[in-house]
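Take a look at the structure below.
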Amino acid sequence: MVTYKGWGERRVRSVACMVLGLTLVAHAAGIKDVSADAFGAEVVRLQGVVAGCAAATTGCNADAVGDDVRVGDVERGGFEEHWDWLRGALKDAKGAKDGERARLMRASGARLEEMARESGGVSEAGFTQARAVANAVLAQPQFQGAVGLTWWDRAKMKLVEWVQRLFDGAVYVGTAAPWLGTLLEWAFFVGAGVGLLFFLLRNVARQRLRVALGGERVQASAWESEADDWAKAAAEHAEAGAWREAVHCLYWAAIVLLESRRAWRHNPTRTPREYVRLLKPGSAQQQGLRKLTQIFERVWYGLRDVDEREYAEALALYERLAAGAESERGAGETVAAGGLA
């Protein structure tokens, strides 16, 4: 009695044998029986295909390899040669860069050269035939425009090799001296900090130079008019008894007045104490503005009560600043006039 289990096993074995047989038939169909001389000629032809691929990517055609070959009877000392490795190399070379393509083709050519030596040479007739086939391949249009390495290609190769040696040396140095990376990082940050500090000091020095040369001749401008407006507003607040607002207006009148005399560049983001530091150290302008700034900070930011006495002190400081700026302006005009005379 035939069971379902036994019938299933025989069915599986039959299918496996059928697949194996079809595989062997397909494999045998792709192998061509050739003589030893014909195999040597085939190797020479394939060397021509490899040379064409090395010359240009258009020559990297895996279909040009042809069928696998069998030389003699395998059981009696013959052999089979499957060209899958060469087809794969040609496919890889077709999409590779020039340097990688040349490397792949050099390796393939070396293997074919070894096959040619192991085959014991090729008869003169076979070699002539193989050479004719190789010449026919190289005579195709896609190989006619191929040229060798130009001087520009050699220069690029040397540059790439130099950069590669440079990076290799950097890797070696980093491995031999791991502290070098940290040193370079600190050197970079310190250099950036020193450069920023130099830039700031130079900017402050330029603005102080403008204060020292504040007597240069300048025309009345909107800045002076604005300073007068602040001073008038301070007087109006003082008449109304609003001493805190009056001190606030006097301070900004002094700031705008000094700015009109080119004491610094206009920058509304500065703090009151930054304005003081921009003036020449120890000068009458800096001392006067410092005292006025202290009164302003106590009254405006400290929210302290202010009376007529503190307003009078702030007004005296402002008037001295205004008189000093005017005298420096007059001295500058006199010097300029003397220079012109």
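Taken together, the values in this text are just the output of simple stated rules run on the coordinates, not laboratory data. Source: prediction; values computed, not measured. When we count neighbours, we look across all protein chains shown, and the Cβ atoms used for this are built from the backbone with ideal geometry, even at glycine.
Pull up the cross-link candidates among the lysines for Lys158, meaning alpha carbon to alpha carbon under 20 Å and not fewer than 8 places away within one chain.
Lys97
Tabulate in residue order the Karplus-calculated ³J(HN,Hα) for the range 255-269, using 6.51 cos²θ - 1.76 cosθ + 1.60 with θ = phi - 60°, rounded to whole Hz; enter x for Gly and Pro.
Those phi angles translate into 4, 5, 5, 5, 5, 5, 8, 6, 6, 6, 7, 5, 8, x, 8 Hz.
Under 21 Å between alpha carbons, and skipping anything fewer than 8 positions from Lys280 in its own chain: which lysines qualify?
By straight Cα distance, Lys280 reaches Lys291.
Residues of the range 46-64 with amide nitrogen under 13 Å from the 7 Å Cα-to-Cβ point of Lys32?
Answer for the range 46-64: 46, 63-64.
Lys91: which aspartates and glutamates have alpha carbons under 15 Å from its alpha carbon, excluding same-chain residues fewer than 8 sequence positions away?
Counting by Cα, and skipping residues close in sequence, Lys91 has these aspartates and glutamates nearby: Asp63, Glu100.
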